[in-house]
Every structure is written in structure tokens, then in C-alpha cells.
Amino acid sequence: MENKITMLPITSIKKLIESFDDAEPSQQAGVLKRMDIEISEFEKYAAWIDADYSRNCIARKEGFEIILICWDQKAKTPMHDHDGQDCWVVQVSGTVVEKRFEINDGKFDLTNEAYLKEGDITYMNDRMGFHTLENNTNSRAMTLHVYANPIEKCKVYNEEKSQFEVKELVYDTVHKIDALSVALNK
Ligand SMILES: [Fe+2]
């Protein structure tokens, strides 16, 4: 049962990490909905790669990781899954397109296509299939990705070989915002 205090907006990244750390699994989505953090707070942890995206770790604990992904113009992920974990995406700035797919009779069926706007939150897991994310605009974008538990690897679709491959996930930058965070950059 949530009390009045836990309904308050979360106005800093540090508070977000603490609140997620304190949350039971059933409360995790609610924590993200309380986010009201200035874009300038996220920009402190942003890194940019031409025509690509960067993965910037801002918290990693036993039960979850929080990653800021910075999308340059036209940056795009391959189709991938999430290693059996829960995955939330919060649109911090700009716009990205999420396309979801299921495999039916050996073919990919597009099940959903959503243009995520600032403040939107989406959820994904492997039972819902696979997805791609793409910044198809001429502006940069930032998204916050929360995984519970942390994801070490995922299945990524190789278009040229027409098959999935296991990819080890790495960070482009690591930030220790919370002294208890454990950074595992490989
Ligand atoms: Fe994903």
C-alpha cells in the first residue's frame, strides 16, 4: 500500500535510483511514472556518437540497471530481445520509433509501431517478442532504459545471415551517481 510520501514526484536521478532500489517488483513501474526530472539532469551523462547510439550506465545494482541511451540522428538498433528481464523505456527528449515483432511460422510479424514522445513510458519483455528502436528524425534524442534484472547479453538479429546471434552488452560510459552502484564495464 503506497503512502502519501511515495506518491511524490521524483525530481533527480539520484532519487530515482534510490526509489527504484527501495521498490518491490510490483512497484517498479509506479516509480518510473513519478519521474519529473529536468532534461538538463540527463544531459550531464550524455555522450554522442555520429549516426549511432551510446549506452551510458548511470546505475547498476544486483536487481536492476539504469542506462541513458543517446540517439544521434538516424541511429537504430537491430531487432533484439531482453534476456528474460523486464525492460522499461522512458522517452527523455526527442522522439524514437519502437517497432515490435513476433515470430509466426518463421516470419516476423509487426505487432506494434509507436512514436515515443517526451515523457512516454513503454514496457517490453521477451514474452511480447522482439523490438527495434530508431531515431528517424534529424534531431538527437535521449531515452532512459531500466532493466530488472541487469542484462548482460541479448539475442540480436543479424539481417545479413538471417539469424539471431548472442551479443554481449557493453557501456560506452559509466557514471557512479550512487556510491552503492557497481559498474561492470567489460
Ligand atoms: Fe530493447
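Laid out as a table, the results:
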item	result
Rounded Å value of the spacing that divides the Cα centres of region 100-150 and region 10-48	20
Net charge contributed by nearby residues that have their C-beta within less than 9 Å of E134 (K/R +1, D/E -1)	+2
Virtual spin-label span in nm between N104 and D36, 7 Å along Cα→Cβ	4.2
Amide H contacts under 5 Å for V96, placed H, 5+ residues apart	L116
Shape of region 59-161, Cα gyration tensor, a/c cut at 1.5	oblate
222 nm mean residue ellipticity, helices alone, for the chain (DSSP H n ≥ 4; -39,500 (n - 2.57); rounded to 500)	-3000 deg cm²/dmol
On Cα atoms only, tilt of 13-22 relative to the major axis of the chain in degrees	90
GNM flexibility winner over the chain from Q85, Q163, Q28 (Cα, springs under 10 Å)	Q163
When each of K14/K117; K74/K153; K117/K161; K74/K167; K33/K167 is checked by Cα-Cα distance, pairs over 27 Å	K117/K161; K33/K167
Isotropically averaged projected area of the chain, using the convex hull of Cα atoms (one quarter of hull area), nm²	10.9
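Rule-based calculations on the coordinates, nothing more; no lab input. Just so you know, these numbers come straight off a predicted model, no measurement behind them. In this analysis, Cβ positions are derived from the backbone assuming ideal geometry, glycine residues included, and neighbour counts consider all displayed protein chains.
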